[in-house]
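Chemist: Have a look at this one.
The values are calculated or read from the model by the stated rules, or taken from the named source; none is laboratory data. Worth saying up front: this structure is predicted, and the values here are computed from it rather than measured. FYI the Cβ positions are ideal-geometry reconstructions off the backbone, even for glycines, and counts take in every protein chain you see.
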Amino acid sequence: MSSVRLGLRGNGVQVSNLLLIVVFIGAIVGVERSVLPLLAESEFGLVSATATVSFLVTFGIAKALANFLAGDLASRVGRRRILLIAWGFGIPVPLLLMWAPSWSWIVFANFLLGINQGLAWSTTQIMKLDLGGPRRRGLLMGLNEAAGYLSVALAALGAGYLAAIYGPRPAPYLIALVSVFLGLAVTLLAVRDTDAHVEFEQESVPEGRRGGMPLWAVNQAGLVNNLKEGVAWGLLPIYFAAEGLDLKQVGWLSALYPAVWAVVQLATGPLSDQLGRRMLIVGGLLLQALALVGFATFTGYVPWVAAAVVLGFGTGAIYPTLIAQVGDLVRPGARASAVGRYRLWRDLGYVIGALMAGLLTDWLGIQSTLVIIALLLVGSAALAREYLPAPASAVLLGVPLAKVQR
């Protein structure tokens, strides 16, 4: 145990390996963001928004349950073994998306993708929390989410260009196919388990963590954040195309939002270590609400670029901060399970958001749907402000934040 160290310096190689894996995880799902919603009508004849987002409902349910299982099994099965299982579920996904003869095959592919994403992404987050220790949780979550969502953005952009040149299938999904096998190779050859780091931290920290309403506030904020993703992923590409944008412009808009989201996290993650989590969480929710109102109010490529940038800033402020907040509120031995439960609730937001987006859009139209989701984000921000710890009282390992940072 004497060789175990917490922090970025002592674990740089393993952190780098895990960041590389997150790049491959993000690329698999990024391909879908710009291309898959457009297949619904062009190749399968779906015109109902509710039917179109059915793939996202399936994805969200599978990912939410896989998140919970990853957290619950992490200590018993081992983190590295869960990653290997995740890649096993990921291998068929791009092949199914390339050659699916009906929309039901697409839905099944997204069921497998949800399992892959839930197991793999949750595990990389848990492992970085294990390695980083209490002082750098925000920084490592910022790096993790930045790597993943910058990859999502680049894959979405690349898929949009390939779709414009070669058609929506099969060329764009080659990005996902290559990413699956590279991720599997890095996991097999370079990743090591982090159980010893958990034991070391557990033995060296005082009692006195807290959960209750603060953890509930984190979970509801995560759920509403991903409820918004049900709109951004499932309907915005269709909205853009219906308003006359070409495939390359749809690809750029689909890529710009997660690209800004990714880069912003490099700042917001470590900033939350210094200033506390609550301000970034509340502000991020409100910025996302503003962006959705912008999409609903204005039309055209340039105004939507501005709205996508604001949406990226808002999501980038909240995403790594929520995970770091979970790590603050529980003891090391309970961390994997707490992260799994948080990600369960957060990714159920995909399901609720997709269903709400489809039903409300079929009933009221997409502009009204965007405004309703914006109001839910504002309500979530109010709850987070009420129940999350203020910066002066934020607790890391039972010690006031300011003292830990010295």
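Chemist: Output yes when any residue across region 183-195 is at pLDDT below 90, assigned to a helix (DSSP H, G or I) and closer than 29 Å to ALA74 by Cα, and no when none is. Explain how you work it out, then say what you get.
Modeler: Taking region 183-195 first, the residues at pLDDT below 90 are 191-195.
Going one step further and asking which of them are assigned to a helix (DSSP H, G or I), we end up with 195.
Subset that is closer than 29 Å to ALA74 by Cα: 195.
There is at least one residue in region 183-195 that is at pLDDT below 90, assigned to a helix (DSSP H, G or I) and closer than 29 Å to ALA74 by Cα.
Chemist: Would you check if there is a residue in region 344-359 being within 19 Å of GLY269 (Cα to Cα) and in contact (Cβ under 8 Å) with a residue 12 or more places away in the chain?
Modeler: So in region 344-359, the residues within 19 Å of GLY269 (Cα to Cα) come out as 346.
From what's left, in contact (Cβ under 8 Å) with a residue 12 or more places away in the chain: 346.
So far as region 344-359 goes, yes, one or more of its residues are within 19 Å of GLY269 (Cα to Cα) and in contact (Cβ under 8 Å) with a residue 12 or more places away in the chain.
Residues checked against (1) farther than 26 Å from GLY230 by Cβ; (2) crowded, with 24+ Cβ neighbours inside 10 Å; (3) over 21 Å from the mean Cα position of the chain (by Cα):
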| position | (1), (2), (3) |
| --- | --- |
| GLY10 | yes, no, yes |
| ALA40 | no, no, yes |
| GLY71 | no, yes, no |
| PRO92 | no, no, yes |
| ALA100 | no, no, yes |
| TRP103 | no, no, yes |
| VAL107 | no, no, no |
| ASN110 | no, yes, no |
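Chemist: Among ALA255, ALA267, ALA259, which is more than 21 Å from ALA159 (Cβ to Cβ) and either assigned to a helix (DSSP H, G or I) or in contact (Cβ under 8 Å) with a residue 40 or more places away in the chain (or both)? Don't jump to the end; show me each part of the working.
Modeler: Numbers: ALA255 fails: more than 21 Å from ALA159 (Cβ to Cβ); ALA259 fails: more than 21 Å from ALA159 (Cβ to Cβ).
Matching residue, one of ALA255, ALA267, ALA259: ALA267.
Chemist: Looking only at region 171-202, filter to residues that are surrounded by fewer than 17 Cβ atoms within 10 Å (Cβ to Cβ), in contact (Cβ under 8 Å) with a residue 40 or more places away in the chain and more than 25 Å from the chain's Cα centre (by Cα); which one of those is nearest to VAL250 (Cα to Cα)?
Modeler: ALA196
Chemist: If you scan region 348-388, which residues turn out to be outside any helix (DSSP H, G or I) and either under 20 Å from the mean Cα position of the chain (by Cα) or surrounded by 17 or more Cβ atoms within 10 Å (Cβ to Cβ) (or both)? Don't jump to the end; show me each part of the working.
Modeler: Going residue by residue through region 348-388, those that are outside any helix (DSSP H, G or I) are 365, 388.
If the condition is that a residue be outside any helix (DSSP H, G or I) and either under 20 Å from the mean Cα position of the chain (by Cα) or surrounded by 17 or more Cβ atoms within 10 Å (Cβ to Cβ) (or both), then LEU388 is the only one that fits.
Chemist: Moving to a separate point now. Restricting attention to region 17-50, report how many residues are of a type in the set (Gly, Ala, Ser) and at pLDDT 90 or above. Write out each step before concluding.
Modeler: So in region 17-50, the residues of a type in the set (Gly, Ala, Ser) come out as 26-27, 30, 34, 40, 42, 45, 48-49.
Subset that is at pLDDT 90 or above: 26-27.
Residues flagged as of a type in the set (Gly, Ala, Ser) and at pLDDT 90 or above within region 17-50 amount to 2.
Chemist: Of all residues in region 239-256 being closer than 14 Å to GLY160 by Cα and of a type in the set (Phe, Trp, Tyr), which is surrounded by the most Cβ atoms within 10 Å (Cβ to Cβ)?
Modeler: Step one: of region 239-256, the residues closer than 14 Å to GLY160 by Cα are 240-241, 245-256.
Those still in the list that are of a type in the set (Phe, Trp, Tyr) too: 240, 252.
Details: PHE240: 25, TRP252: 23.
Residue satisfying both the conditions and the ranking: PHE240.
Chemist: Testing LEU256 on (1) within 28 Å of TRP87 (Cβ to Cβ); (2) at pLDDT 85 or above, one condition comes back false. Which one is that?
Modeler: If we test LEU256 against (1) within 28 Å of TRP87 (Cβ to Cβ); (2) at pLDDT 85 or above, just (1) comes out false.
Chemist: The conditions are (1) assigned to a helix (DSSP H, G or I); (2) out of contact with any Gly (no Cβ under 6 Å at 6 or more places or on another chain); (3) crowded, with 17+ Cβ neighbours inside 10 Å, and VAL152 fails exactly one of them. Which is it?
Modeler: (2)
Chemist: Within region 260-273, how many residues turn out to be farther than 20 Å from ASP328 by Cα and surrounded by fewer than 24 Cβ atoms within 10 Å (Cβ to Cβ)? Show your work before the answer.
Modeler: Here is the first cut: in region 260-273, the ones farther than 20 Å from ASP328 by Cα are 260-264.
So of that shortlist, the ones also surrounded by fewer than 24 Cβ atoms within 10 Å (Cβ to Cβ) come out as 260, 263.
Going through region 260-273 one residue at a time, the tally reaches 2.
Chemist: Show the residue pairs meeting these rules: Cβ distance below 6 Å; 6+ apart or different chains; first residue within region 94-105 and free of Cβ contacts under 8 Å to residues at least 12 places away in the same chain; second residue part of a helix (DSSP H, G or I) and surrounded by 14 or more Cβ atoms within 10 Å (Cβ to Cβ).
Modeler: That search, which allows pairs on different chains as well, returns ALA100/ILE106; TRP105/LEU96.
Chemist: Just to be sure before I move on: is VAL260 among the β-branched types (Val, Ile, Thr) and over 14 Å from the mean Cα position of the chain (by Cα) in the structure I sent?
Modeler: On the way: among the β-branched types (Val, Ile, Thr): yes; over 14 Å from the mean Cα position of the chain (by Cα): no.
For VAL260, the condition - among the β-branched types (Val, Ile, Thr) and over 14 Å from the mean Cα position of the chain (by Cα) - is not met.
Chemist: Another question, if that's okay. If I go through region 294-329 residue by residue, how many of them are in contact with a Ser or Thr (Cβ under 9 Å, 6 or more places away or on another chain), of a type in the set (A, V, I, L, M), touching a residue at least 60 places away in the same chain (Cβ under 8 Å) and more than 19 Å from LEU236 (Cβ to Cβ)?
Modeler: 1
Chemist: Give me the helices (runs of 4 or more DSSP H) completely within region 10-122, filtered to those with at least 3 residues that are out of contact with any Cys (no Cβ under 7 Å at 6 or more places or on another chain) and small (Gly, Ala, Ser), ordered by residue number.
Modeler: Details: elements: 12-42, 49-52, 54-77, 79-90, 92-99.
Filter on region 10-122 gives 12-42, 54-77, 79-90.
Chemist: It is to be established whether one or more residues within region 75-88 are over 21 Å from PHE24 (Cβ atoms) and touching a residue at least 40 places away in the same chain (Cβ under 8 Å).
Modeler: Yes: region 75-88 contains one or more residues that are over 21 Å from PHE24 (Cβ atoms) and touching a residue at least 40 places away in the same chain (Cβ under 8 Å).
Chemist: Another question, then. Does MET127 meet the test of being over 15 Å from the mean Cα position of the chain (by Cα), modelled with pLDDT of 85 or more and crowded, with 24+ Cβ neighbours inside 10 Å? Break it down into steps so the answer makes sense when it comes.
Modeler: On the way: over 15 Å from the mean Cα position of the chain (by Cα): yes; modelled with pLDDT of 85 or more: yes; crowded, with 24+ Cβ neighbours inside 10 Å: yes.
Yes, satisfied.
Chemist: Another question, if that's okay. Quick check: anything in region 208-227 modelled with pLDDT under 85, among the hydrophobic types (A, V, I, L, M, F, W, C) and under 15 Å from the mean Cα position of the chain (by Cα)? Show your work before the answer.
Modeler: To start, the set of residues in region 208-227 that are modelled with pLDDT under 85 comprises 208-213.
Okay, now just the ones that are also among the hydrophobic types (A, V, I, L, M, F, W, C), so 213.
Filter once more, so that each one left must be under 15 Å from the mean Cα position of the chain (by Cα): none.
Scanning region 208-227, I find no residue that is modelled with pLDDT under 85, among the hydrophobic types (A, V, I, L, M, F, W, C) and under 15 Å from the mean Cα position of the chain (by Cα), so the answer is no.
Chemist: Evaluate region 277-284: report whether one residue or more is basic (Lys, Arg), under 30 Å from THR58 (Cβ atoms) and surrounded by fewer than 24 Cβ atoms within 10 Å (Cβ to Cβ).
Modeler: Initial filter on region 277-284 (basic (Lys, Arg)): 277-278.
From what's left, under 30 Å from THR58 (Cβ atoms): none.
No, region 277-284 contains no residue that is basic (Lys, Arg), under 30 Å from THR58 (Cβ atoms) and surrounded by fewer than 24 Cβ atoms within 10 Å (Cβ to Cβ).
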